[in-house]
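Student: For reference, the structure I am asking about is given below.
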Amino acid sequence: MNEEKAREMARSIIAEVKEEIARLTARVRTGVVPDLERLTQALQTYRAGRYVTHPAVWPKGKYSYDYTLVEVAWQDEEWTVAVSRSSTVIPLSRTEGVFPPPTADYLVRRDGNLVMKDKLLRKDPESGVYLCGDYHPPQEILQVAAAGPYRVEVYRTVVNVRPDTHPLVLCHNEPDRRVKLRHGRQEARVSLEGGQLLSQFVLWRMLE
């Protein structure tokens, strides 16, 4: 999406937010609407995401303090606006930022990569698996993840495999040569060499 198109979309979203805020009853602190430049950049960068903003809220004593929470969620060029009234007795610093959609743990970038917990997950062109940083897992792990899609979590002594919308390989530590493979309630101790991981996983899939 080019900047001009993203900016026009951001203007339309902000206009809708202002209309929704105007419909709220009196004595509700409105305070903030999405920032045009920041929202435009987010729409250019992410194919799917969620922009959240609310003002700083500093209650006095034990009294609750009303404020307005704004949420804009988008998928490609479709968007929804949610403006809700809330209150708190706990001080809240201002929030304004881009977050994953409510149904996902990651932001979907327009370049095909993902962002999860502020980390860029690059898509491996051959397997379609998303890799964290410069990590290059053994071929068996890539084959298991690509057979899903499954989320493959690689730890030092365990490889967890579970269904997910996107195949993900997250490396926390380089695994030892022999690791525990978990899939649902199944568990086995396998080697990352000689295709044992893939063979065990295929066997479990056949027994499902």
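Student: In segment 95-109, which residues are in a strand (DSSP E or B) and either modelled with pLDDT under 90 or within 20 Å of Val33 (Cβ to Cβ) (or both)?
Tutor: Listed by number, the residues that qualify are Thr95, Glu96, Gly97, Val98, Phe99.
Student: OK, next. Just need a number here: residues in segment 165-208 that are open to solvent by less than 40 Å² (accessible area, probe 1.4 Å), within 24 Å of Leu114 (Cα to Cα) and either assigned to a loop (DSSP other than H, G, I, E, B) or modelled with pLDDT of 90 or more (or both).
Tutor: 3
Student: Regarding segment 16-27, can at least one residue be identified that is modelled with pLDDT under 95, on the phi > 0 side of the Ramachandran plot and either touching a helix residue (DSSP H, G or I) at 6+ places or on another chain (Cβ under 8 Å) or among the charged types (D, E, K, R) (or both)?
Tutor: Taking every residue of segment 16-27 in turn, at least one turns out to be modelled with pLDDT under 95, on the phi > 0 side of the Ramachandran plot and either touching a helix residue (DSSP H, G or I) at 6+ places or on another chain (Cβ under 8 Å) or among the charged types (D, E, K, R) (or both).
Student: From Leu39, Leu69, grab the single residue that is part of a helix (DSSP H, G or I) and not polar (S, T, N, Q).
Tutor: Leu39
Student: So, in segment 74-85, exactly how many residues are over 21 Å from Ala22 (Cβ atoms) and either surrounded by 14 or more Cβ atoms within 10 Å (Cβ to Cβ) or touching a residue at least 40 places away in the same chain (Cβ under 8 Å) (or both)?
Tutor: 2
Student: Quick check: anything in segment 16-23 among the charged types (D, E, K, R), out of contact with any Pro (no Cβ under 8 Å at 6 or more places or on another chain), open to solvent by 80 Å² or more (accessible area, probe 1.4 Å) and closer than 15 Å to Glu96 by Cβ?
Tutor: The answer is no, given that none of the residues of segment 16-23 is among the charged types (D, E, K, R), out of contact with any Pro (no Cβ under 8 Å at 6 or more places or on another chain), open to solvent by 80 Å² or more (accessible area, probe 1.4 Å) and closer than 15 Å to Glu96 by Cβ.
Student: Filter segment 133-164 down to residues that are in a loop (DSSP other than H, G, I, E, B), touching a residue at least 12 places away in the same chain (Cβ under 8 Å) and of a type outside the set (Gly, Ala, Ser), then give me how many there are.
Tutor: The number of residues fulfilling the criteria is 8.
Student: Restrict the check to segment 89-106 and report whether at least one residue is over 21 Å from Val179 (Cβ atoms), charged (D, E, K, R), open to solvent by less than 60 Å² (accessible area, probe 1.4 Å) and touching a Lys or Arg at 6+ places or on another chain (Cβ under 8 Å).
Tutor: Among the residues of segment 89-106, at least one is over 21 Å from Val179 (Cβ atoms), charged (D, E, K, R), open to solvent by less than 60 Å² (accessible area, probe 1.4 Å) and touching a Lys or Arg at 6+ places or on another chain (Cβ under 8 Å), which makes the answer yes.
Student: Also: Please go through segment 53-69 and pick out each residue that is touching a Pro at 6+ places or on another chain (Cβ under 9 Å) and either open to solvent by 10 Å² or more (accessible area, probe 1.4 Å) or among the aromatic types (Phe, Trp, Tyr) (or both).
Tutor: Selection gives Ala56, Trp58, Pro59, Tyr65, Tyr67.
Student: Right, something else. Quick check on segment 131-164: of everything there that is open to solvent by 20 Å² or more (accessible area, probe 1.4 Å) and among the small types (Gly, Ala, Ser), which residue is farthest from the chain's Cα centre (by Cα)?
Tutor: That would be Ala147.
Student: Related question: Pairs needed: first member in segment 86-105, in contact (Cβ under 8 Å) with a residue 24 or more places away in the chain; second member anywhere, hydroxyl-bearing (Ser, Thr, Tyr) and part of a loop (DSSP other than H, G, I, E, B); C-beta distance under 6 Å; at least 6 residues apart or different chains.
Tutor: Going by the 6 Å Cβ cut-off, the qualifying pairs are Val89/Ser64; Pro100/Tyr106.
The values are calculated or read from the model by the stated rules, or taken from the named source; none is laboratory data. Source: prediction; values computed, not measured. Here Cβ is always computed from backbone atoms with ideal geometry, including for glycine, and neighbour counts include all displayed protein chains. The protein model used for the area step is the full one, side chains on, heavy atoms only, and it has no ligands, DNA or RNA in it. Shrake-Rupley method; radii C 1.70, N 1.55, O 1.52, S 1.80 Å.
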